[in-house]
Every structure is written in C-alpha cells, then in structure tokens.
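*Asks:* Have a look at this one before I ask anything.
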Amino acid sequence: MRSKGFLVLTCILAGGMTVLLAQQPPGGAAPAAATVDPVKVLVDRLDLEKYKATIKGLTQFGDRRQGTDRNRAAVDWIEAQLKSYGCANIERIKYEYVPAAGRGTGTGDAAAAGRGEGRGAGEGRGAAAAGGQRGGQRGRTGQGGSTIFGTRAPTSVNNDPNAQKDEKLRALNSQPTTPGPREEVYCTKVGSTRPDEMYIVGGHMDGHGWGEAANDDGSGTALVMELARIFSMPDVKTERSIRFALWNNEETGLNGARAYVDQREALQGKETPPGSGKYPEPKWLGMIQHDMMMFDHGMPGPDGKVSPEQRREADVNIEFQSTAKMAEGAQKLAWFFKAANEKYATDYPAAVGPHMTNTDSGPFMDIIPAISLRENERGSQIGGGWDPHWHQVTDVFSTFSDADFRLGLNAAQTTLSAIAQLTNATVK
Ligand SMILES: [Zn+2]
C-alpha cells in the first residue's frame, strides 16, 4: 500500500511540475508556485451561451405539462442529450400518476386548482398552506415556515389558453393532460473509488401555465444537464458517484421525486450482482434540487409591479428545511454550497435560508441532507409575488435577459464547484 501511495504522490508531483514548466515566463523569472485547481478548470467549462442553448432546446416542447405528448417528447429529448454527453447508466423511473379526486378544475390536472407548484412539500409539516396574496391576520405567514415581508403581488397558475397571445405556442400547449403512466430520466457519473456513494443533482422538467416553462424549470433542468455534460467529459474523474435526475410531475405535488424515493430508497448501497463492483443505487449522501434559477428582480413596488431589470443585488438562494429530520446535515451542506459560491461564482453571491419548501428535495429531506437552489426564497419571496412570470404565459425564453440567464449560470457554478469538491473531482 505504501509503494502505491508513493506512486500516486509522484504522479501528482509530476503533474504539478508540468504546470510549473508550462507557466514559466519566457524571461525565466521564477514562477509563483502554481498548481491547477481542478474545480476551477471544471467551472470554467460552464458557458453562458451553452446554458442558454440548452434552455432554448427545452422550450421547443412548450410548457412540457405532465401527461402530454409534449412532456413525453421532452423526456426523450433530454435522454438523447444525456446520451450525447456520454453520461453513463441512463435509466428511467416509471410510475402512475392519478390526480387526487375533487381537486381538478375540469382539466384533469390537480395542479390547476393549486395556487402553486408542489403543494405536497409543505403538507403535514405545520407549514401554512397559503402563500401568495392572502391578507388579514395571517398575511405574513408564507409556506415552509417563512415570513413574507413588504409589498406583495398576486400569484397564480395560468389555466387560460387565450391568455397566450402567441398562436403557435398556444397550439403547441393545447393537448390536455391525462392521468396514467409517467416516466422520468436520470443518468450517473460513476465514482472511481466510491461507486457505492452518490450525490443527487436534480431539476424538474415539467411545467405548466401555457408558456415555455423557460425559467420554471427549464433553467434548473438545463443547469443539471450542463453539469451532466461537464462531469461526463472523458478527462474528468470523481471518487464518488453523481446522479443527474430530471424529475417529472413536480407541478402536481412532487410525484416524480416521490416515486423515485418509493422505488429506490431500499436499494441503496447494494452491490448487484454481488462481487460485480456495480451499485445500481449508490448510498444517498445528499440531494440538491434546482428550480427557477434566473429571475431576481426584487420585491414588487407599491403598484404591485416588479422591476423589468435583474437587480444588482441578485443572489442565488440556497434553502434547507429547519424542521426536517436531517436538518443538521442539510444546513451544513447549504453552508458548504455558500462557501463554494464565494470561491467560484463569477457574478452573484449566494444566501442561505431555513425554509425550503415546495420542491423535489422535500421527499428526501427526512432521509438525507437535502437542499434547494433558487432565484429567490420559495416561501417568503416567490410566495410574495417576486416573479411575475411564475406559471404564466410570459415564462418564455424571450422574456429573459443575459443578466437573468447569468444568475442561472452562477447557480450552476455554485453546484458544480460544491459537488466537484464533495466527490474529489480531478481532471486529467
Ligand atoms: Zn418549479
């Protein structure tokens, strides 16, 4: 073992020497002792135009509402992209989605009656059920245990086809959802020395509202896909595994993420077949969800309107849920992500909050440390109407500026750098 350790050390030193030589200026002045930081190398592979192109690709399927052909076509497209990146072990979770009786509004979709996505996350946790514009005594109480301060604007899910003035997009979104079988796709970067342990990096690929679901959640889905692309590059090695999951049915109550937990929790860490070195479900070390990554234009003004410009103080909001069984570990993970942001993000800082809610990390949060990244805090800010495009016809690619897309890219830099460190990523 000792000689092996010596060999490894020698290789590292040799690698370091190469770098030193390469950086030697022509004049021969002594170079600063430089070693390549593989995390920085990987972060530098993220690219604003590529990120935008992936979001644009997702918008070709309209709002990608669950239970429609456009949603199924989007799952196929995502799978094809993951394959083209070389991401390994592409698989699908299959489950049935049947909306709860009496909740629909005639469209057959439980979410249509809801006031927001992922109602299920706050249920049973003593969180206030109502966010948004409710006034009166409880007016400050937001979802997930949050408090809503300041001026607020209404929130809702658009369910009116005619609100979409773009006729082509209206036609694309016209097929109604029907209950039945559902699928969602994931792929895995297999760890070199700890293939039996993994982090899960997620985003939800379904949307609704008769737009293009560009921000909710094309922005999070594209982030996960970009990370899958970079970690799958042939010169990248990670000691631990990373799973890239694109959940379906988030908007109806986190049904896709719940199906994953139901089907795979018990399989964790089992070598199958024994002796093969293969772990179809590595032990879960953490779950990091990404949902609505781009728009942080601040609080609505007294007139209820939100600024058309990204605010200069925009930040990435990292949330954990303080009432979760694994809150202690989730909190540590959140602070680790903030530190990664400070070191590696280029334009926007990150803030940590304790009220994660209504997101696909919810079904994981009592089992493993689970956090979510967003453009705003879900309970106090999204719930207060800070994103006027949320579930509306205006959630289309053309709504967003480069300053918006860049916030999503900074969230990608944050997660990529944190996960690269947690899995001991190296670049050959
Ligand atoms: Zn969402």
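The values are calculated or read from the model by the stated rules, or taken from the named source; none is laboratory data. None of these values were measured; they are calculated from a predicted model. Neighbour counts run over all protein chains shown; Cβ positions are idealised from the backbone, glycine included. For the accessible areas, the whole protein counts, side chains as well, though only heavy atoms, and no ligand, DNA or RNA atoms are used. Shrake-Rupley method; radii C 1.70, N 1.55, O 1.52, S 1.80 Å.
*Asks:* Look at GLN137 and say whether it is at pLDDT below 95 and either more than 27 Å from VAL306 (Cβ to Cβ) or surrounded by fewer than 18 Cβ atoms within 10 Å (Cβ to Cβ) (or both).
*Replies:* Answer is yes for this residue.
*Asks:* Just to be sure I understand the filter: pairs with C-beta atoms under 9 Å, separated by 6 or more residues or on different chains, first member in the range 209-230 and within 19 Å of ARG65 (Cβ to Cβ), second member near the ligand (Cβ under 9 Å from one of its atoms) and part of a helix (DSSP H, G or I). Which pairs pass?
*Replies:* Note: pairs meeting the criteria are GLY209/ASP216.
*Asks:* What residue, of GLU212, GLU265, is surrounded by fewer than 19 Cβ atoms within 10 Å (Cβ to Cβ) and charged (D, E, K, R)?
*Replies:* GLU265
*Asks:* On to the next question. If a residue must be open to solvent by 20 Å² or more (accessible area, probe 1.4 Å) and in contact with a strand residue (DSSP E or B) (Cβ under 9 Å, 6 or more places away or on another chain), how many such residues does the range 46-86 contain?
*Replies:* 5
*Asks:* Next question, about the same structure. Scan the range 296-311 and give yes if some residue there is hydroxyl-bearing (Ser, Thr, Tyr) and over 27 Å from GLY207 (Cα atoms), otherwise no.
*Replies:* For the range 296-311, residues hydroxyl-bearing (Ser, Thr, Tyr) and over 27 Å from GLY207 (Cα atoms): absent.
*Asks:* Assess whether VAL352 counts as being crowded, with 24+ Cβ neighbours inside 10 Å and of a type in the set (A, V, I, L, M, F, W, C).
*Replies:* no
*Asks:* Quick one: is SER398 without any contact (Cβ under 8 Å) to a residue 12 or more places away in the chain, part of a helix (DSSP H, G or I) and touching a helix residue (DSSP H, G or I) at 6+ places or on another chain (Cβ under 9 Å)?
*Replies:* It is true that SER398 is without any contact (Cβ under 8 Å) to a residue 12 or more places away in the chain, part of a helix (DSSP H, G or I) and touching a helix residue (DSSP H, G or I) at 6+ places or on another chain (Cβ under 9 Å).
*Asks:* If you scan the range 334-391, which residues turn out to be charged (D, E, K, R) and either in a helix (DSSP H, G or I) or closer than 24 Å to ARG140 by Cβ (or both)?
*Replies:* LYS338, GLU342, LYS343, ARG374, GLU375, GLU377, ARG378, ASP387
*Asks:* Looking at (1) closer than 23 Å to GLY144 by Cβ; (2) free of Cβ contacts under 8 Å to residues at least 12 places away in the same chain, which is the one condition that is false for GLN321?
*Replies:* Tallying (1) closer than 23 Å to GLY144 by Cβ; (2) free of Cβ contacts under 8 Å to residues at least 12 places away in the same chain, GLN321 fails exactly one: (2).
*Asks:* Got a sec? Which of PRO388, PRO363 is within 16 Å of the ligand (Cβ to nearest atom) and out of contact with any helix residue (DSSP H, G or I) (no Cβ under 6 Å at 6 or more places or on another chain)?
*Replies:* Answer to the check: PRO388.
*Asks:* Could you check, for the range 202-214, whether at least one of its residues is more than 12 Å from the ligand (Cβ to nearest atom) and aliphatic (A, V, I, L, M)?
*Replies:* The answer is no, given that none of the residues of the range 202-214 is more than 12 Å from the ligand (Cβ to nearest atom) and aliphatic (A, V, I, L, M).
*Asks:* Let me ask something additional. So, in the range 197-209, of the ones that are open to solvent by 10 Å² or more (accessible area, probe 1.4 Å) and in contact with a helix residue (DSSP H, G or I) (Cβ under 8 Å, 6 or more places away or on another chain), which residue ends up nearest to GLY253 (Cα to Cα)?
*Replies:* HIS208
*Asks:* Right, next: Has the range 238-246 got any residue that is over 22 Å from GLY353 (Cα atoms) and within 16 Å of the ligand (Cβ to nearest atom)?
*Replies:* So far as the range 238-246 goes, yes, one or more of its residues are over 22 Å from GLY353 (Cα atoms) and within 16 Å of the ligand (Cβ to nearest atom).
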